[in-house]
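The values are calculated or read from the model by the stated rules, or taken from the named source; none is laboratory data. As the structure is a prediction and not an experimental result, all values here were calculated from the model. FYI the Cβ positions are ideal-geometry reconstructions off the backbone, even for glycines, and counts take in every protein chain you see. The accessibility values were calculated without ligands, DNA or RNA, using every heavy atom of the protein model including side chains. Shrake-Rupley method; radii C 1.70, N 1.55, O 1.52, S 1.80 Å.
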Amino acid sequence: MSTKRLSVVVTRRLPAPVEERMAELFDVHPAPEGAPLDREALIAALQEADILVPTITDVIDAPLLGAAGDRLRLIANYGAGVDHIDVATARQRGILVSNTPGVLTEDTADMGMALMLAVLRRMTEGMAKMQDGVWEGWAPEALLGTRLGGKTLGILGMGRIGQALARRARVFGMDIHYHNRRRLHEGLEGPLEATFHERLDSMVTTADVISVNCPHTPSTFHLLNARRLKLMKPTAVIVNTSRGEVIDENALTRMLRAGDLAGAGLDVYERGRGVNPRLRELPNVVLLPHMGSATREARLEMGEKVLINMQTFADGHRPPDLVVPSML
C-alpha cells in the first residue's frame, strides 16, 4: 500500500513536529484552528479519508460511521481512551481503531496526586485569599487541612495509571486499597502493599480518598452512584482524572453541598464541558479543565504513537495499538 495515496483527515491541530512528520508521510487534510469539527464536517471527513485522526472531543458513533465512505479503513485515535468511538460498529464495517496507550500514565498519575494535595490541603482556598487580598496573616487555626500520610487511598481501576498513582501515594505514606475487574498478580500487588477489594462497596466504605482511574464503559457508567457515594466517610474526598461518567455528578454535588463528603478534585465531568454550576460555588472542590495528560512530552509521545500506528497500517500490517471490543 502506497502511503502517498492515503488521505488523512485530522480533526484537531496537533503539535507542530507531529503535523510536520505526518505531512511528510501522508496526504494530510489538517484541521482548522480553534474548535472541534462539527458533526457535518466529521461526516464529510469520514467520506474522503483513508485514515481519520480524531480526539476525545469527536463522537464517532454508529450513525456517523454509517455515513463513512468506503475508503475509511483506520481510525487512529489521538488519545488512550476510546469511549467516544463505537469500536464494535467500526470493526463490523471493516474499520480498524488504534489508540495511544501508556504515554499518559505518569502525567495523569501526577495530576491525581496534585488534586489530592490541593483538596486535602485547601490550596485553592488559600490561593483565593491571596488573590483577593484578604489574607490576614498566619494563624494557628487558619485553613487547616488534612495530611496524606496515614490515610487510606482507594483506587478504582488498577491499570497503568492506577498503579502509577499507588506508587506515588506510597511515598506519601498512604495505605493503598483498590478495586479492579481482576486482582493484580503478586508481582505487582506485593511491592505496593495493596489490599484488593472484590466488592467496590467494601472499598468505598474504607477509604479516606477515592481516586477514579477506570475507563468509561457501559459497566462503569455511574459506578459511583448515589448509593455508593453515601457509603463513603463524611470526611472522605473523591478525585477523578479518568472519565466523568463514572460518577453520578448530580449525586456528588448534592452530597458535597450537604457536607456529606469533605471535598472533591475533578479533572473530568459527566457532561464534558457542561460542568454542574453548583460545583463551582463550593470552596472544597477543585475543578480543572481536563489537564491530566497536558504536558508537552505527553502530547508529542501521543503523536508519535499515532504516526507509528498509521505507518504500520500503511505498510500493510496490524497497527501495534489496535483496539478490539474485547479490550473494552
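Can you name the condition, by its number, that M116 falls short on among (1) farther than 16 Å from V306 by Cα; (2) touching an Asp or Glu at 6+ places or on another chain (Cβ under 8 Å)?
(2)
Answer yes or no as to whether P283 is over 18 Å from the mean Cα position of the chain (by Cα), farther than 30 Å from R5 by Cα and surrounded by fewer than 18 Cβ atoms within 10 Å (Cβ to Cβ).
When the stated conditions are applied, P283 passes them.
Identify all residues within the stretch 177-232 that are modelled with pLDDT of 95 or more, under 16 Å from E245 (Cα atoms) and small (G, A, S); write none if there are none.
Correct list: S211, A226.
Give the stretch 221-246 a look and list any residue that's within 21 Å of T108 (Cβ to Cβ), without any contact (Cβ under 8 Å) to a residue 60 or more places away in the chain and either part of a loop (DSSP other than H, G, I, E, B) or among the small types (G, A, S) (or both), or say none.
Within the stretch 221-246, F221, G244 qualify.
Residues to consider are A114, A76, A118, A68; find the one that is farther than 20 Å from V28 by Cα and open to solvent by less than 40 Å² (accessible area, probe 1.4 Å).
A118
Out of the residues in the stretch 60-86 meeting the condition of being of a type in the set (A, V, I, L, M, F, W, C) and in contact with a strand residue (DSSP E or B) (Cβ under 8 Å, 6 or more places away or on another chain), tell me which one is farthest from C214 (Cα to Cα).
So, considering only residues that are of a type in the set (A, V, I, L, M, F, W, C) and in contact with a strand residue (DSSP E or B) (Cβ under 8 Å, 6 or more places away or on another chain), the one farthest from C214 (Cα to Cα) is L72.
How many residues does the stretch 17-69 contain that are of a type in the set (K, R) and under 19 Å from G303 (Cβ atoms)? Reasoning before the result, please.
Taking the stretch 17-69 first, the residues of a type in the set (K, R) are 21, 39.
Of the ones still in play, those that are also under 19 Å from G303 (Cβ atoms) are 21.
The total comes to 1.
Conditions: (1) over 23 Å from the mean Cα position of the chain (by Cα); (2) open to solvent by less than 50 Å² (accessible area, probe 1.4 Å); (3) touching a residue at least 60 places away in the same chain (Cβ under 8 Å). S211 meets all but one. Number of the miss?
S211 satisfies every listed condition except (1).
Check whether at least one residue in the stretch 303-319 is open to solvent by 10 Å² or more (accessible area, probe 1.4 Å), under 21 Å from the mean Cα position of the chain (by Cα) and not small (G, A, S), and report yes or no.
yes
Looking only at the stretch 109-148, count every residue that is in contact with a Leu (Cβ under 8 Å, 6 or more places away or on another chain) and polar (S, T, N, Q) and tell me the total.
Residues in the stretch 109-148 being in contact with a Leu (Cβ under 8 Å, 6 or more places away or on another chain) and polar (S, T, N, Q): 1 in total.
Yes or no, residue by residue, for (1) more than 11 Å from L153 (Cα to Cα); (2) touching a Phe, Trp or Tyr at 6+ places or on another chain (Cβ under 6 Å); (3) of a type in the set (A, V, I, L, M, F, W, C):
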{"residue": "R181", "(1), (2), (3)": "yes, no, no"}
{"residue": "L184", "(1), (2), (3)": "yes, no, yes"}
{"residue": "P191", "(1), (2), (3)": "yes, no, no"}
{"residue": "H197", "(1), (2), (3)": "yes, no, no"}
{"residue": "M203", "(1), (2), (3)": "no, no, yes"}
{"residue": "S211", "(1), (2), (3)": "no, no, no"}
{"residue": "C214", "(1), (2), (3)": "yes, no, yes"}
{"residue": "T217", "(1), (2), (3)": "yes, no, no"}
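Which residue, of D38, D107, D83, D50, is open to solvent by 10 Å² or more (accessible area, probe 1.4 Å) and farther than 21 Å from D321 by Cβ? Before the answer, list the steps.
Working: D107 fails: farther than 21 Å from D321 by Cβ; D83 fails: farther than 21 Å from D321 by Cβ; D50 fails: farther than 21 Å from D321 by Cβ.
The match here is D38.
Which one of L165, L252, L224 is touching an Asp or Glu at 6+ places or on another chain (Cβ under 8 Å), closer than 27 Å to G274 by Cβ and open to solvent by less than 10 Å² (accessible area, probe 1.4 Å)?
Values: L165 fails: touching an Asp or Glu at 6+ places or on another chain (Cβ under 8 Å); L252 fails: touching an Asp or Glu at 6+ places or on another chain (Cβ under 8 Å).
Residue meeting the stated conditions: L224.
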